[in-house]
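Report on the following structure.
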Amino acid sequence: MRMTFRWYGEGNDSITLKQIKQIPGVEGIVWALHDVQAGEEWPIVKINEVKKQADEYGLNIDVVESVNVHEDIKLGLPTRDKYIENYKRTIEKLATVGVKVICYNFMPIFDWTRTELFKEMEDGSTALFYEKAKVVGMDPKELVENISKNSTFTLPGWEPERLSRLQELFEAYKGVTQEDLFQNLAYFLKEVIPVAEKNGVRMGIHPDDPPWPIFGLPRIVCNKENIRRILDVLDSKSNGVTLCSGSLGANPSNNIAEMVREFADRIPFAHIRNVKIYENGDFIETSHRTSDGSVDIYEIVKAYHEIGFDGYARPDHGRHIWDEKCRPGYGLYDRALGIMYLW
């Protein structure tokens, strides 16, 4: 297992590369160009800038998360081909600087969904929280307003440019079924996977977070059956899954360790984190320690060990502890503790 740490870039993160370098066993950063809009081709100048910054601290940039997929691709619109061509060129550019893995998702409109960014826990720390009943009865606009006003950092999947088109996007998705979304994903994969394969890059689709439909929007990466079907679209190691124990683990019927063993050779990248699930369907993100949540992190790491996993991994969302001021879910301290627990 090659340990990495997600970093949002200079001026866009409370954490420095110097601090990341001091976490035992961390080899590289998981990065992206967060100021480039979905669908745009990534400029090589900006890519090289991140490489230079990471090189200064001896950290690799092997994993990118995410090269975001434009909504026109998800919707299967005639305009999708131009955005797919931009995606292909971005893959080629990233390969020239040594990128080995690209994590992406295919969630309509929203990326991850939470109702509270800093829910206080019994020990005084805070964490990302999902209140099921609130989401069921909430207007999506209200959720956007709550998320946007409660963070001083940009949040992946909640970019202002995308959310400013909220009403328009919801209209566009009316009548789009899960099968439609899957077919649009298959079209995308058949175009980009050969390019990734040719350039030695492995694509890893991220599961839906949480793994069920939100606001009536279709979701297609929720369980083992979904993942198996996606991997069957193209039998290539470049068509893989970013196996996220926290996203999938919000549904207690998902057995993550079982998925690790089944999809062993198709997992280029692993997100490992814990959630505590309540009887009413609410959940909160906890420390990485198995006993603090509902996900068997011990069994998951054991499964990775058994399959001889030599891909990339990172601790995913952590709590906000010791009065750290940070991006929700992405503080230094709890994720560093998470890494030591995983080791």
Reported set for the range 216-233 where residues are of a type in the set (A, V, I, L, M, F, W, C) and in contact with an Asp or Glu (Cβ under 9 Å, 6 or more places away or on another chain) is 220, 221, 222, 227
Scanning the range 184-202 residue by residue, the ones that are of a type outside the set (A, V, I, L, M) and in contact with a strand residue (DSSP E or B) (Cβ under 9 Å, 6 or more places away or on another chain) total 2
Exactly one of 185, 181 is part of a helix (DSSP H, G or I), touching a residue at least 12 places away in the same chain (Cβ under 8 Å), within 17 Å of the chain's Cα centre (by Cα) and buried (at least 21 other Cβ atoms within 10 Å of the Cβ), and that one is 185
Picked from the range 1-38 (must be of a type in the set (Val, Ile, Thr) and under 20 Å from residue 267 (Cβ atoms)), the residue nearest to the chain's Cα centre (by Cα) is 30
- [ ] Within the range 7-24, identify whether any single residue is part of a loop (DSSP other than H, G, I, E, B), within 19 Å of residue 197 (Cα to Cα) and at pLDDT 95 or above, and answer yes or no.
- [x] no
Here the residues within the range 189-212 that are assigned to a helix (DSSP H, G or I) and either β-branched (Val, Ile, Thr) or buried (at least 24 other Cβ atoms within 10 Å of the Cβ) (or both) are 192, 193, 195, 196
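The rows are residues; the columns are (1) over 15 Å from residue 39 (Cβ atoms); (2) in contact with a helix residue (DSSP H, G or I) (Cβ under 8 Å, 6 or more places away or on another chain); (3) not in a loop (DSSP other than H, G, I, E, B).
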position: 90; (1), (2), (3): no, no, yes
position: 99; (1), (2), (3): yes, no, no
position: 106; (1), (2), (3): no, yes, no
position: 109; (1), (2), (3): no, yes, no
position: 113; (1), (2), (3): yes, yes, no
position: 118; (1), (2), (3): yes, no, yes
position: 133; (1), (2), (3): yes, no, yes
Within the range 48-64, the residues that are within 16 Å of residue 93 (Cβ to Cβ) and either assigned to a loop (DSSP other than H, G, I, E, B) or within 20 Å of the chain's Cα centre (by Cα) (or both) are 50, 61, 62, 63, 64
Filtering strands (runs of 3 or more DSSP E) wholly in the range 263-343 for at least 2 residues that are within 15 Å of residue 245 (Cα to Cα), within 18 Å of the chain's Cα centre (by Cα) and touching a residue at least 40 places away in the same chain (Cβ under 8 Å) gives 269-272, 283-285, 312-315
Picked from the range 64-85 (must be touching a residue at least 40 places away in the same chain (Cβ under 8 Å) and among the hydroxyl-bearing types (Ser, Thr, Tyr)), the residue farthest from residue 311 (Cα to Cα) is 83
Residue 314: within 20 Å of residue 23 (Cβ to Cβ), buried (at least 17 other Cβ atoms within 10 Å of the Cβ) and either aromatic (Phe, Trp, Tyr) or in contact with a Gly (Cβ under 6 Å, 6 or more places away or on another chain) (or both), yes or no? no
If we keep only residues of the range 234-262 that are part of a loop (DSSP other than H, G, I, E, B) and of a type in the set (D, E, K, R), then the residue surrounded by the most Cβ atoms within 10 Å (Cβ to Cβ) is 237
Contact list, first residue from the range 91-104 and of a type in the set (D, E, K, R), second anywhere and crowded, with 18+ Cβ neighbours inside 10 Å and part of a helix (DSSP H, G or I), beta-carbon distance below 7 Å, six or more apart or interchain, is 92/195; 93/47
So residue 269, is it buried (at least 17 other Cβ atoms within 10 Å of the Cβ), among the aromatic types (Phe, Trp, Tyr) and more than 20 Å from residue 24 (Cα to Cα)
no
Filtering the range 82-103 down to residues that are surrounded by fewer than 19 Cβ atoms within 10 Å (Cβ to Cβ) and of a type in the set (Ser, Thr, Tyr) yields 96
Of the conditions (1) under 18 Å from residue 335 (Cα atoms); (2) touching a residue at least 60 places away in the same chain (Cβ under 8 Å), the single one that residue 243 does not satisfy is (2)
Within the range 203-241, the residues that are small (Gly, Ala, Ser) and touching a strand residue (DSSP E or B) at 6+ places or on another chain (Cβ under 6 Å) are 204, 238, 240
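The values are calculated or read from the model by the stated rules, or taken from the named source; none is laboratory data. All values reported here derive from a predicted model rather than from experimental measurement. All Cβ positions, glycine included, derive from the backbone under ideal geometry; neighbour counts span all protein chains shown.
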